[in-house]
1. For the chain, calculate the relative contact order in percent as a whole number, restricting contacts to Cα pairs under 8 Å that are 6 or more residues apart.
2. Give the angle, between 0 and 90 degrees and rounded to the nearest 10, that separates the Cα long axis of helix 95-119 from the longest principal axis of the Cα atoms of the chain.
3. How would 255, 178, 261 line up from fewest to most surrounding beta-carbon atoms within 10 angstrom?
4. Please report 48, 149, 447 as a ranked list, fewest other C-beta atoms within 10 angstrom at the top and most at the bottom.
5. Please sort 489-500, 91-102 by packing, taking for each peptide the average over its residues of neighbouring beta carbons within 10 angstrom, highest first.
6. Per DSSP H run of at least 4 residues, take -39500 (n - 2.57); add these up for the chain, divide by its residues and hand me the 222 nm value, nearest 500 deg cm²/dmol.
7. Which entry in (1) 115, 76, 47; (2) 77, 64, 40; (3) 83, 57, 41 is this structure's computed Cα extents along the principal axes in Å?
8. Treat each spin label as a single point 7 Å out from the Cα along the C-beta direction, and report the residue 145 to residue 436 distance in nm.
């Protein structure tokens, strides 16, 4: 088997060291006892006489160490050089092992010679002058540096081979484990973890405040890239985030008037996804009728909503109705959102199953949950808990605990989102945007009707409640739900490693969540199959 091309520097070094070993080194080994007598008549002997001021062991005081090292350098090392050169000529892979051995040995012998000289106080040096030290180290440096280069070159070639071999060994020992798809899933949990959310619902894409006039933002719905832009007239539009020309992201471009302009060739798109303008030559062609997908858009509750599915269904598909957040008497609410690295079904399980109170033990958000009842009804799963809310010292006095039902929490997974209610005093909606199979954006709407002034029987006025929420959200609520984000991230990683582990779910309501997610995804896939069949028949 042949390997990569030969390193010419390594080949030149091997030739140089081989020639030196069988000429000058061989001459010294053969004549080391009579070099002073030969110095007057032979140029090689005169080389060693010139070097003798730095080390007389190589001229008139040879020792056993020097003779032994040179014997190896003359009788053994050249065999390595010859094998190395042959391997280089034939491009054999074993040459790197030979190169590593020869380079390591000679570099070690030079360092050993240095060490002996240092420990012995340079016994062969006639005078400890700068010139003699320079001559001693400079004469040996080419052997040290040259063989270290051979070592480095060999290691550079060997390490990738060892790495590849290790990867092959690891792949043999640990077969690749593929997380089951929806079609290959073997149980309810696996099917729920592979299911998408039906696009034929309204989903929040971003906060309205995140999109100014002339701005563009990007998002995704189940691996489908979407660009959302606001024209100079204030109208918001959502279109597929790719240019029909060269497929680059339209969100990299800019908004001009009421159109989104691609950053590459300047193609502009209107709110319906149609190519409205091409600034360059059309090469004699009429204006093409290219377009990309567009999405119905609404703005409500301070959020931008999109309908990723069939646009004809958008008008008759209801979106979450939250009358408490509209009108002059709307409740206090400050929306916020996170992107969590977890499948949306894990987030539903987490937010609707209050048995994970231990996770929030440091913040005492809730404790002692008891599941009172639960049921699946149509496209909803409802459950009710008796629970102690906000037990932390700084938060405990904010809830009016004398209100009937403050020890209860109603939760409902109203597909594809979730709402909660405590005594018509504290409510929430948790809205999901499934970006892909392991990434979900979550929008939190916590809204309050009554918040007590601690240690008094009175409540905060509505305006002051907004100021209070501006403190509570960053200091308490966001850190609290961030713990849930960390937990579902851990769960996602754990599931991908142990998706075939035995089921160990105790809470009876969790399978109902998963059954609903699976059923709705099956219904959507079946509807798409029917549409394709009709299109094929036509």
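1. Values: 824 pairs, mean separation 62.4, N = 538.
Once normalised by length, the contact order is 12 percent.
2. The two axes meet at around 70 degrees.
3. On the way: 255 19, 178 9, 261 22.
Least crowded to most crowded, the residues run 178, 255, 261.
4. Working: 48 24, 149 16, 447 20.
The order, fewest Cβ neighbours first, is 149, 447, 48.
5. Working: 489-500: 14.4, 91-102: 19.0.
Final packing ranking: 91-102, 489-500.
6. On the way: 13 runs with 203 residues, N = 538.
So the helix-based figure for the chain works out to -12500 deg cm²/dmol.
7. It is the one labelled (1).
8. 5.0
Readers should treat all values here as calculations from the given coordinates under stated rules, not as data from a laboratory. None of these values were measured; they are calculated from a predicted model. Cβ coordinates were reconstructed from backbone atoms using ideal geometry, including for glycine residues, and neighbour counts include every protein chain displayed.
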